[in-house]
Amino acid sequence: MIEKEFGRTGLKTTALGLGLAALGRPGYITLGHQDDLREEYQVEQMEHHAHQVLDTAWAAGVRYFDAARSYGRAEQFLASWLKKRLIDPANLVIGSKWGYTYTANWRVEAEHHEVKEHSLPVLTRQAEESRNYLGRFLNIYHIHSATIDSGVLTNESVLDELARLRSSLGWVIGLSLSGPKQGETLEKALNVKRDGEHLFQSVQATWNLLETSVEPWLEEAASAGWGVIVKEVVANGRLTPKVQQTHPEIDQAARDLGVTTDVVAIAAALSRPWGAVILSGAAQRSQLESNLAAMAWINNPRIVSLIGQVNETAEVYWQTRAALPWN
Ligand SMILES: NC(=O)c1ccc[n+]([C@@H]2O[C@H](COP(=O)([O-])OP(=O)(O)OC[C@H]3O[C@@H](n4cnc5c(N)ncnc54)[C@H](OP(=O)(O)O)[C@@H]3O)[C@@H](O)[C@H]2O)c1
């Protein structure tokens with residue numbers, strides 16, 4: 001595993017991280033989620049399954065783990081794993097997020113899986129909850145899917161509270177992005193200052209071979225000393241072997257190199273110089289093992305040449321993503 005500086009925050013991460021969105025609750029939007037969990041939805045079964053995937057990541061040297069208040073019990077599962085394995089907080093970096101409340105009540109068929117509210121009361125409540133579960137293990141706290149429309153980047157009381165959390169707890173403050181206007185939102189966030197310094201020092205954005213539109217802003221954020229985390233790198237399962245045809249050029253590259261399409265997609269992201277952490281969203285140990293194989297293909301010319309050649313337009317990409325069913 002390659003170690004990385006997380007921007008100029010002083011945190012040290014690894015090139016690959018593990019996200020827990022698919023591991024903390026029964027329902028998610030990735031293509032084959034129901035099959036991944038084999039419908040074993042009891043809390044103890046899901047906790048055991050999450051611990052197995054976390055063990056595989058740890059053994060491979062992964063040292064960044066990503067959660068959110070809305071990922072069901074992801075923070076709890078992470079906390080129980082850290083305790084069981086006697087892990088020292090100095091040996092890994094954990095990021096979580098506030099702004100969505102989990103509302104599915106452990107049901108796959110829930111009408112609403114999460115509710116978004118970027119208000120001061122939600123921040124205060126969720127920061128306390130995250131602290132209760134993760135305590136001194138928590139290093140980075142992100143606004144979950146900040147958008148210009150949500151108004152969070154001009155909500156002075158929220159921004160002041162984030163600045164207070166930074167100075168009182170030492171948290172790195174960040175934001176995650178979603179939707180076709182990731183770049184515009186990040187541009188606005190780059191201008192949010194407290195005491196003459198950037199309030200945010202971490203950004204988590206969607207970048208993959210089908211959707212690269214945010215790249216210029218991610219470069220800017222990295223130059224400003226932020227840590228850049230890439231999410232949805234296999235387009236929620238669309239760039240994996242479970243899809244027969246992803247994109248002719250990606251499929252051909254995978255065939256020629258003798259690897260799977262997830263390896264091509266992840267190696268492309270690992271090759272971008274501005275990325276501090278590329279998240280695997282693996283829902284199973286076998287998926288994670290496959291994703292990890294991408295480490296051997298960083299900067300492969302054939303893979304790098306695909307970047308910018310196989311994009312969908314941001315609008316088409318995000319419409320497709322919005323139509324993915326919870327399963
Ligand atoms: N707004 C935000 O802040 C936000 C939004 C999304 C994600 N995230 C973060 O990013 C992480 C990753 O995102 P994501 O899981 O949504 O997207 P992703 O990483 O693009 O997709 C991961 C999914 O792809 C499938 N997959 C991966 N490797 C595979 C393989 N070798 N063979 C077959 N299927 C494979 C699995 O889904 P299936 O088996 O179910 O198809 C897996 O759950 C999350 O865990 C979370 O931490 C943050």
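Gly183: surrounded by fewer than 22 Cβ atoms within 10 Å (Cβ to Cβ), more than 22 Å from the chain's Cα centre (by Cα), more than 21 Å from Tyr28 (Cα to Cα) and of a type in the set (Gly, Ala, Ser), yes or no? Write out each step before concluding.
Values: surrounded by fewer than 22 Cβ atoms within 10 Å (Cβ to Cβ): yes; more than 22 Å from the chain's Cα centre (by Cα): no; more than 21 Å from Tyr28 (Cα to Cα): yes; of a type in the set (Gly, Ala, Ser): yes.
Spelling it out, it is not the case that Gly183 is surrounded by fewer than 22 Cβ atoms within 10 Å (Cβ to Cβ), more than 22 Å from the chain's Cα centre (by Cα), more than 21 Å from Tyr28 (Cα to Cα) and of a type in the set (Gly, Ala, Ser).
Restricting attention to the range 223-256, the residues being near the ligand (Cβ under 9 Å from one of its atoms), part of a loop (DSSP other than H, G, I, E, B) and over 29 Å from Val192 (Cβ atoms) number 7. Starting from residues that are in contact with a strand residue (DSSP E or B) (Cβ under 7 Å, 6 or more places away or on another chain) and small (Gly, Ala, Ser), keep the ones in the range 91-133 and report whichever is nearest to Val172 (Cα to Cα). Among them, the one singled out is Gly95. When the range 267-283 is filtered for residues that are in contact (Cβ under 8 Å) with a residue 40 or more places away in the chain and either within 15 Å of the ligand (Cβ to nearest atom) or on the phi > 0 side of the Ramachandran plot (or both), the ones remaining, listed by number, are Ala268, Ala269, Leu270, Gly275, Ala276, Val277, Ile278, Leu279, Ser280, Gly281, Ala282, Ala283.
Tallying residues that are hydrophobic (A, V, I, L, M, F, W, C) and assigned to a helix (DSSP H, G or I) within the range 176-222 yields 6.
So is Glu75 of a type in the set (Asp, Glu) and at pLDDT 95 or above or not? Even if it seems obvious, please write down each step before you answer.
On the way: of a type in the set (Asp, Glu): yes; at pLDDT 95 or above: yes.
So Glu75 passes the test.
Can you name the residue in the range 47-63 that is within 25 Å of His113 (Cβ to Cβ), of a type outside the set (A, V, I, L, M, F, W, C) and in contact (Cβ under 8 Å) with a residue 12 or more places away in the chain and is also surrounded by the fewest Cβ atoms within 10 Å (Cβ to Cβ) among such residues? Outline the logic, then answer.
Step one: filter the range 47-63 for residues within 25 Å of His113 (Cβ to Cβ), giving 47-54, 57.
Of the ones still in play, those that are also of a type outside the set (A, V, I, L, M, F, W, C) are 47-49, 51-52.
After this cut, where a residue has to be in contact (Cβ under 8 Å) with a residue 12 or more places away in the chain as well, the list is 47, 49, 51-52.
Working: Glu47: 17, His49: 19, His51: 17, Gln52: 15.
If we take residues in the range 47-63 being within 25 Å of His113 (Cβ to Cβ), of a type outside the set (A, V, I, L, M, F, W, C) and in contact (Cβ under 8 Å) with a residue 12 or more places away in the chain, then Gln52 is surrounded by the fewest Cβ atoms within 10 Å (Cβ to Cβ).
Regarding Val264, is this residue within 15 Å of the ligand (Cβ to nearest atom), without any contact (Cβ under 8 Å) to a residue 60 or more places away in the chain, aliphatic (A, V, I, L, M) and in a loop (DSSP other than H, G, I, E, B)? Against the criterion (within 15 Å of the ligand (Cβ to nearest atom), without any contact (Cβ under 8 Å) to a residue 60 or more places away in the chain, aliphatic (A, V, I, L, M) and in a loop (DSSP other than H, G, I, E, B)), Val264 does not qualify. Put simply, of Thr240, Thr260 the only residue that is more than 20 Å from the chain's Cα centre (by Cα) and among the β-branched types (Val, Ile, Thr) is Thr260. The set of residues in the range 1-46 being of a type outside the set (D, E, K, R), away from the ligand (no atom under 16 Å from the Cβ) and either within 19 Å of Arg285 (Cβ to Cβ) or surrounded by fewer than 19 Cβ atoms within 10 Å (Cβ to Cβ) (or both) consists of Met1, Ile2, Gly10, Gln42, Val43, Gln45. Output yes when any residue across the range 296-303 is more than 28 Å from Ser145 (Cβ to Cβ), touching a Phe, Trp or Tyr at 6+ places or on another chain (Cβ under 7 Å) and away from the ligand (no atom under 14 Å from the Cβ), and no when none is. Yes, that holds for at least one residue.
The values are calculated or read from the model by the stated rules, or taken from the named source; none is laboratory data. Since the structure is predicted, the reported quantities are computational estimates derived from the model, not experimental observations. Glycine gets a Cβ as well: all are built from the backbone with ideal geometry, and neighbour counts include every protein chain shown.
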